[in-house]
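A.B. asks: I'd like to ask some things about the structure below.
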Amino acid sequence: MSDDDDVRASDAEREETVTRLREASVEGRVSFEDFLERMSVGYEATTRGELARLTRDLPAASARPAERRGSSVVMGIFGGSDKAGRWTVPPRVTVLNLFGGSDLDLRQALVPGDVTLSVYSLFGGSDITVPVGADVEMTGTAIFGGNDLDLSTPAVTGSPRIRVRVVSVFGGTDVKDRPRPGWREFLGRAGDPPRPPLPPPSGPGV
């Protein structure tokens, strides 16, 4: 432990740490979910030691992030083609569903900046899972179907924006956030308090 670990952090030091985390995300060193989680903790940090733990597994900042380009097409025709785990999300992703569905999980994906997901479904749809704290904007149309945005918490300030554009006919697309187990322990934070035990059963025959 350094002598500075217990020194209270300044606003400028918190911003410097978040900037480094953002650069690491652009470089592909941390996933989208890791970036959001670390950034949230960084803004709440009170000491230099807490900030240092967020970047201890990262090298020094690079001189200039690489420019992002490209697009991707995911097709689900009478089936599906899912994307999950460690994958790099280009600025534009188009999903075509015809009597099928393709699901996208962005929690462990690399999301270096703002992205646009365009989902077109006929007799099908997609489930899109994002990390808790993601900044999601969803617009679209559903005919004889439905599209749903279900996020449990507000967006983390400064996170990349995910724009979801949806057209669904006899189908629908759902966007939801889900946490990854264990991230609090990785960041050295206490987990959620344990749930109280259930009361003992009562009544006849017990």
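None of the figures in this text is laboratory data; all of them are computed from the coordinates on show. Keep in mind that this is a model prediction, so the values were computed, not measured. Here the Cβ positions follow ideal geometry from the backbone for every residue, glycine too, while neighbour counts run over all protein chains shown.
A.B. asks: Give the residue from Gly49, Pro112, Leu21 lying farthest towards the positive end of the charge dipole for the stretch 1-144; charges sit on Cβ (+1 for Lys and Arg, -1 for Asp and Glu) and the dipole is referred to the Cα centre.
C.D. replies: Checking the options against the dipole of the stretch 1-144, the answer is Pro112.
A.B. asks: Short version: what are the Cα gyration tensor semi-axes of the stretch 1-147, square root of 5 times each eigenvalue, largest first, in whole Å? Write out the running numbers ahead of the final one.
C.D. replies: Values: eigenvalues 278, 46, 28 Å².
Largest first, the stretch 1-147 gives 37, 15, 12 Å.
A.B. asks: Taking R0 as 25 Å, what FRET efficiency do you get between Leu151 and Gln108 from their Cβ-Cβ distance, rounded to the nearest 0.05? Walk me through the numbers on the way to the answer.
C.D. replies: Details: r = 18 Å, r/R0 = 0.73.
That gives a FRET efficiency of 0.85.
A.B. asks: On full extension of the chain, what length is gained from Asp82 through Leu98, given 0.36 nm per residue of separation minus the C-alpha to C-alpha distance?
C.D. replies: On the way: separation 16, 0.36 × 16 = 5.76 nm, distance 1.42 nm.
Net length gain for the segment: 4.3 nm.
A.B. asks: Given an 8 Å cut-off on Cα distances and at least 6 residues of separation, report the relative contact order of the stretch 11-59 as a percent. Before the final figure, lay out each step's value.
C.D. replies: On the way: 30 pairs, mean separation 22.2, N = 49.
About 45 percent, as a whole number.
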